[in-house]
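Below is one structure; the comments refer to it alone.
Read the figures in this text as sums done on the coordinates, not as results from a lab. Just so you know, these numbers come straight off a predicted model, no measurement behind them. Neighbour counts run over all protein chains shown; Cβ positions are idealised from the backbone, glycine included.
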Amino acid sequence: MYEIIYNLHSFFAYIVLAVLILAVINAITGLMGKRMFTLEKDFRVSLFALIVSHLQLVIGIVLYFVSPKGFGAIQEFGMGGLTSAARLLAVEHPFINIIAIVLITIGWSKHKKLMEADRKFKTIAIFYGLGLVLFLSRLPWGQWI
């Protein structure tokens, strides 16, 4: 079961990153091009990025508790006994990515309350962009690629 969830989490991360990059680029180009915020494109791209991010969070939480590298590593070695690579997987990666998803969720909630297109694009660009930067900062690059 662990292998299936691990592979799903790893594969789905590519989708999340691609959609999140698309949402940030879409927001920046919409802001710079003074476009109208449309439901057909802009709303759906942002919503899809929110949805896939939350799905990845759910998969990641399940993986955290079934993986020997997540909560199991903390139980086995304690917080002080973790190596830097183990600490990345057991503490930093989950914690920072939860913060990233919280930022994405805040950006989504704030943009819905705004009426002006430029403010919507700016809100999405900032919050989704910060979430993307946090995701990229805590990926276990050596194990993932």
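A few notes on this one:
- Any hit, region 58-75, residues being touching a Lys or Arg at 6+ places or on another chain (Cβ under 7 Å) and part of a helix (DSSP H, G or I): no
- Near pairs, Cβ below 7 angstrom, 6+ apart or cross-chain, from region 7-28 (buried (at least 20 other Cβ atoms within 10 Å of the Cβ)) to any residue that is acidic (Asp, Glu): Asn26/Asp42
- Enumeration of residues in region 20-45 that are closer than 19 Å to Leu132 by Cβ and among the acidic types (Asp, Glu): Asp42
- Scanning region 45-80 for residues that are exposed (fewer than 13 other Cβ atoms within 10 Å of the Cβ) and more than 18 Å from His9 (Cβ to Cβ) yields Gln75, Glu76, Gly78, Met79, Gly80.
- Tally of residues being in contact with a His (Cβ under 8 Å, 6 or more places away or on another chain), under 23 Å from Phe65 (Cβ atoms) and surrounded by 16 or more Cβ atoms within 10 Å (Cβ to Cβ) across region 106-141: 2
- Just one of (1) farther than 18 Å from Phe127 by Cβ; (2) assigned to a helix (DSSP H, G or I) fails for Lys34. It is (2).
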